[in-house]
Structure formats: structure tokens, C-alpha cells
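Take a look at the structure below.
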Amino acid sequence: MIRGLPRHLSRFGWLLLLYLLSMVTASAQLPGSARESAVKAAFLYKFAGFVEWPAGTFQRPDEPLVIGVAGNEAVAADLEQIVVGRRVEGRPISVRRLQADEPAAPLHVLLIGAGPDERVREQAAEAMGPVLVVTEQPRGLELGGVLNLVAGGGRVRFAASLPAAEARGLKLSARLLAVAETVEGRNR
């Protein structure tokens, strides 16, 4: 066990750390933004495994988990490479690049890239139902995100909103929340 980490986090922490390190090492010769996009793509892929969707979200056991990306082509490209041959909870993964003003349904995870606050708010609202909305804004959780990715100081971190998850019918794993930088609504 790693000192300072609770016992239940040590395995998850090591796995996530190893995965992210492999992504950063593989892209060490790329510009900073390329490394950041690879790390964000890895987070998107991993997030899906720590979310419980409500019954009836998937019609068939082999129905793909669909991750949509709007407004961040670099993350979409990295994510397409990461998910090849991989599964989440036994489901194949499909990546869908969303163009401006394209409807967000049907998706299970939606990354809304940085943009004007009003547009981010609109895209989050358009993603109806049990969709894990992930934003990349300084105020992403206020704009409708369930999770918000924040890059700075050479790191990518994330924050979570329990009220936003609950409003969408999603349950976020305690293991995911334990590694979030901040969690809104934890002590309600």
C-alpha cells in the first residue's frame, strides 16, 4: 500500500497512474497540448468504468458505450486510438465526433470542449437523460457538467458534481470521487 493513500485507493491509484504514465511516455516527443489531449482522452475512457447508469440505459448486453466529443478534435483523435479493442463493463466502445449544433443523443458520455459559457451550457442541457457530461471549463460544473477536467501546472485534474450526477440518474463510484480534486454536494 502507498503511504498516505487509503487501502481502497492504492490499486485504483496505481492502475490509473501506470496507464497515464504510459500515455505521457508514449507521447513524450509531442508538444504539450498533444500530451494533455492524450491524458484527457485516457480520463474519458477510465471515467466510463466508474459510473453506474440506471436500469434500461442499455437495451442489449452487447450495446456499445458511446463517448461523444464536441469541440476538442485532439481529444477525439487520441480517444479513438485508446479505445481500439477495449471494453467497459464488457461493452465495446464507440467514439462519436460531434460537429457544431449536432444533437448529442444518443450518447453515454459527452465531452464538451472549451468554449463560450452559454454554448457549453446549451450543449450540456441538450444531452438529455443519463449522460455523463464532462466539461473543460473553469466553471464547467456550474454550466451543467457532472465532471470537469482542469489542466494546469503540467497536470490534468478533475472535479465532480454529485447533484448533477443525481439529476442525470447517474451514480459515481466512491473510488472515482476519492481521486477527484473537489466534489460538489458531498455533504448534503
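What number, in percent, do you get for the relative contact order of the range 29-188 if the mean sequence gap of Cα pairs under 8 Å and at least 6 apart is divided by its residue count? Walk me through the numbers on the way to the answer.
Working: 288 pairs, mean separation 32.8, N = 160.
Rounded, it is 21 percent for the range 29-188.
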Convex hull per residue volume in Å³, alpha carbons only, for the range 91-188: 122
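Eigenvalues of the Cα gyration tensor times 5, then square-rooted: what semi-axes does that give for the range 133-188, in whole angstrom, largest first? Walk me through the intermediate numbers first.
On the way: eigenvalues 66, 34, 16 Å².
Values for the range 133-188, descending: 18, 13, 9 Å.
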Give the long-range amide H neighbours of G68: residues separated by 5 or more places, or on another chain, with amide H under 5 Å away, using H modelled in the peptide plane at 1.01 Å from N. R96, H108, V109, L110, L111
Spin-label point model (7 Å from Cα, Cβ direction): what's the V179 to A114 distance in nm? 2.4
In whole angstrom, the spacing between the Cα centers of the range 44-107 and the range 133-172 equals 16
Mind listing the phi-derived Karplus ³J(HN,Hα) values for the range 136-148, rounded to whole Hz, using 6.51, -1.76 and 1.60 with θ = phi - 60°, and x for any glycine or proline? 10, 10, x, 10, x, 5, 5, 8, x, x, 8, 10, 9
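Laboratory data are not the source of any read-out in this text; all were calculated from the coordinates shown. All values derive from a computational prediction rather than experimental measurement. Heads up, the Cβs are rebuilt from the backbone with ideal geometry, glycines too, and the neighbour counts pull from every protein chain shown.
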